[in-house]
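Scroll down for the structure; my scribbles are underneath it.
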Amino acid sequence: MEDLKLKLQQLHERVDSLKDQINTEEATKNAFVMPFIQILGYDIFNPTEVIPEYICDIGTKKGEKIDYVIKKDGEPILIIECKKWNENVDAHNSQLHRYYHVSKSRFGVLTNGHIYNFYADLEKPNIMDEKPFFTLDISDLKETSLKILQNFSKNGYNLEEILDSAEGLKYIKAIRKEFEKEIQEPSDEMVRLLVNRFFNKPLTAPRLVAFKEYTKKAFSTSINETINFRLKNALNISETVPSKATEQTTAIDENVETPKFITTEEEIEGSQIVKAILREVLPSSRIAFRDTQSYFGILLDDNNRKPICRLHFNSANKYVELFHNGKDNGEKKLISSLDEIYDFKTELLTTIKTYE
């Protein structure tokens, strides 16, 4: 597992350093995707194991080609369709969908070299699902993702284990996505569901608006308190547990990662101001947040290569970092109050236009 993680981290560094020099889909395949296939243990130089440009006739269309087919014991186990590194892979699954139907493989992958979407036929046999059951981002490696990926490696391939977990992965991902939407912007249905359990008066339109704000604050407060509680527990444990040199310790839940930062009320309020400004041109679902140790990031389409702005609120002076001059040319602006974020409306809207 550690070897797999190390190799993927090295691949991420390669992607990051070379991407600006990669101008075609073919170059993306050669520079990024082939090394990924090799990391999984498949011999990219063996044409009976990794087959590039695999002909896959679709009905009357002859000579249609899949970028790669991976075979094990002579049977196709994985088809891979590639796009250029800066393309959104979520927007290109129709082509893979057509290939999947005639490939006899149980799994399909759509990738741009750093995001890998894994598909199966969980809804209808031999028809690829519209949504991936598993997404790997090599810039954000988690232990759970590595465990899933290991099942696709040459030495660890396990069809039954993948299928057993695929349905759960798919629906957990979908539920989590909906939950995160509710946290950021509670829906009328969610507010009514919660409020009707303790509020016996009619929920009029004005009350609904008010309770939406209360719900949003309740969610953020609950999450922050949970993070603080876990962080305090982690600190207490580190003070009392002997070092690894003297005693071996075992994690209770290896899927729970100790937080290294705390999202503050000011960061939440500042991000909501930015969202309010951008709602003029974007649906809220396209505005994503990522907290880090040094700043609170606001992203377009949850893509760290599309920063909208960053809130630097972790020191005595507060700054808003803007990207209207390009994602690699951030400009910090000192603010004395959160209301001053509204003064950067023009810069924020300009930033969005640069990504369209």
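The values are calculated or read from the model by the stated rules, or taken from the named source; none is laboratory data. It should be emphasised that the depicted structure is a prediction, and the values quoted were computed from it without experimental measurement. Glycine also receives a Cβ, built like all others from the backbone with ideal geometry; neighbour counts cover every protein chain displayed. SASA here: full protein model, heavy atoms, side chains in, ligands and nucleic acids out. Shrake-Rupley method; radii C 1.70, N 1.55, O 1.52, S 1.80 Å.
Details
- The residues of region 137-209 expose on average 65 square angstrom of accessible surface per residue, using a 1.4 Å probe on protein heavy atoms.
- Between region 71-141 and region 1-22, the alpha-carbon centres lie 20 Å apart.
- The 3J(HN,Hα) values that the Karplus relation (6.51, -1.76, 1.60; θ = phi - 60°) gives for region 156-171 are, in residue order, x, 4, 9, 4, 4, 5, 5, 5, 4, 9, 4, 5, x, 4, 4, 7 Hz. Gly and Pro appear as x.
- Under the Karplus curve 6.51 cos²θ - 1.76 cosθ + 1.60, θ = phi - 60°, whole-Hz ³J(HN,Hα) for region 30-46, x wherever Gly or Pro sits: 5, 7, 10, 7, 4, x, 5, 4, 5, 4, 6, x, 8, 7, 5, 9, 9
- Ligands, DNA and RNA are left out, and with a 1.4 angstrom probe the accessible area of region 287-356 is 51 Å² per residue.
- Highest-MSF residue in the chain out of Leu299, Leu96, Leu208 [GNM, Cα springs under 10 Å]: Leu208
- Sequence-ordered 3J(HN,Hα) estimates for region 108-120 from the Karplus curve with 6.51, -1.76 and 1.60 and θ = phi - 60° stand at x, 10, 10, 9, 10, x, 10, 10, 10, 9, 9, 10, 9 Hz, glycine and proline given as x.
- His324 accessible area, assembled protein chains, probe 1.4 Å, Å²: 50
- Once backbone amide H atoms are built at 1.01 Å from N, Lys65 has Cys56 as its partners under 5 Å, excluding neighbours fewer than 5 places away on the same chain.
- Segment Ala91-Asp302, extension gain: residue separation times 0.36 nm, minus the distance between their alpha carbons: 74.5 nm
- Residue ranking by accessible heavy-atom surface, 1.4 Å probe, largest first, among Phe219, Phe313, Phe229 comes out as Phe229, Phe219, Phe313.
- On full extension, the segment bounded by Ser139 and Glu167 gains 7.6 nm, given 0.36 nm per residue less the C-alpha separation.
- Pair Lys154, Ala174: separation of 7 Å Cα→Cβ label points (nm): 3.6
- For the listed peptides 116-129, 154-167, a ranking on the average number of other beta carbons within 10 Å per residue, highest first, reads 116-129, 154-167.
- Solvent-accessible area of Thr24, all protein chains in place: 70 Å² (probe radius 1.4 Å, heavy atoms, ligands and nucleic acids excluded).
- The chain - percent of accessible surface contributed by carbon and sulfur, probe 1.4 Å: 51
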